[in-house]
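The values are calculated or read from the model by the stated rules, or taken from the named source; none is laboratory data. Predicted, not measured: the structure shown is a model, and the values here were computed from it. Please note: Cβ atoms are built from the backbone with ideal geometry, for glycine as well, and neighbour counts cover all protein chains shown.
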């Protein structure tokens, strides 16, 4: 028969609740009693039950990570550090990968079986944050958020990154520029476009809608956008892409259509995924620390779970920097 906490309590001469509190290092239990309980537990080879602990503390030490677009190469590079940081903090990760927002919102995992949730693919019209609020489940946004002031999020300085790209292009003499941006219902898409537009406008350079394409942060968005942009009477000399995956789509479309990069066309991405540095691409892009982005999200979520986070919300913004490689050049 398995040893129980009641057995430990009898050997240590304390109550069963005292055993539970002592093994959790509860400060209400004296150091002497904690040591006595530990000695009894070691003598009986007692292993605390996670299920029992969850019942007594209402904590499961489990965190859900919701990613509705796991096919995007961006997300594996944040899921791995999320897992590692959660594990280091004593939590287990449950990855939820339903393809639709509606499916996730109805998912039975969004209940008291999770101590908290990381939202990695949120959109402005997502039902999930409201669902979590109603169920009392703490959550944080990763990479994307709602843009509201009272939110909890670990994000990138998207506007600043977009501004840096515009400044680089202007310095290289580009005036006919185009943008293949992300979806308008994502903060990453909106903020990167906004920073880019503002810097261009301050220099007196416009970005007409005929040189703008918006769509999912996917390879196909970039691949299908470039031929459309090149059809215009005044085709672009440079294209800023909403992320590296979109930029790689543009690069492949350029290769197919005989457009030379960077001689005929400058292409710049965003995120600096590991593949951006591959010799096949050598993509000029905007870098931010994907690992730190994830680790900050975990620490913020744990503060929310423990009640230590600012009740007014916390938005942690990671800096971004332009990374010059081989896909940008002065106007020919």
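For the reader, a short list of remarks on this structure follows.
- Any chance residue 265 is in the same structural domain as residue 93 (by TED's automatic domain parsing) and either on the phi > 0 side of the Ramachandran plot or surrounded by 17 or more Cβ atoms within 10 Å (Cβ to Cβ) (or both): no
- Scanning the range 299-313 for residues that are under 20 Å from residue 157 (Cβ atoms) and modelled with pLDDT of 95 or more yields 299, 300.
- The one condition in (1) outside any helix (DSSP H, G or I); (2) out of contact with any helix residue (DSSP H, G or I) (no Cβ under 8 Å at 6 or more places or on another chain) that residue 154 fails to fulfil: (2)
- Selection within the range 190-218 - at pLDDT below 95 and part of a helix (DSSP H, G or I): 209, 210
- Enumeration of residues in the range 101-131 that are modelled with pLDDT of 85 or more, under 18 Å from the mean Cα position of the chain (by Cα), more than 21 Å from residue 89 (Cα to Cα) and not in a loop (DSSP other than H, G, I, E, B): 128, 129
- Filtered residue count, the range 23-34, keeping only those that are in a helix (DSSP H, G or I) and more than 17 Å from residue 59 (Cβ to Cβ): 4
- Filter pass, residue 233 being surrounded by 16 or more Cβ atoms within 10 Å (Cβ to Cβ), within 23 Å of residue 332 (Cα to Cα) and either over 28 Å from the mean Cα position of the chain (by Cα) or at pLDDT below 95 (or both): no
- Residues of the range 282-313 satisfying the condition of being touching a helix residue (DSSP H, G or I) at 6+ places or on another chain (Cβ under 6 Å) and either over 15 Å from residue 120 (Cα atoms) or crowded, with 18+ Cβ neighbours inside 10 Å (or both): 283, 285, 286, 290, 294, 295, 298, 309
- Residue 260 vs. criteria surrounded by fewer than 16 Cβ atoms within 10 Å (Cβ to Cβ) and at pLDDT 95 or above: yes
- The residues of the range 169-189 that are more than 30 Å from residue 141 (Cα to Cα), within 29 Å of the chain's Cα centre (by Cα) and part of a helix (DSSP H, G or I) amount to a single one, 169.
- In the set (1) assigned by TED's automatic domain parsing to the domain that holds residue 142; (2) surrounded by 15 or more Cβ atoms within 10 Å (Cβ to Cβ), residue 248 fails one condition alone, (1).
- Residue match in the range 18-28 (condition: surrounded by fewer than 16 Cβ atoms within 10 Å (Cβ to Cβ) and modelled with pLDDT of 85 or more): no
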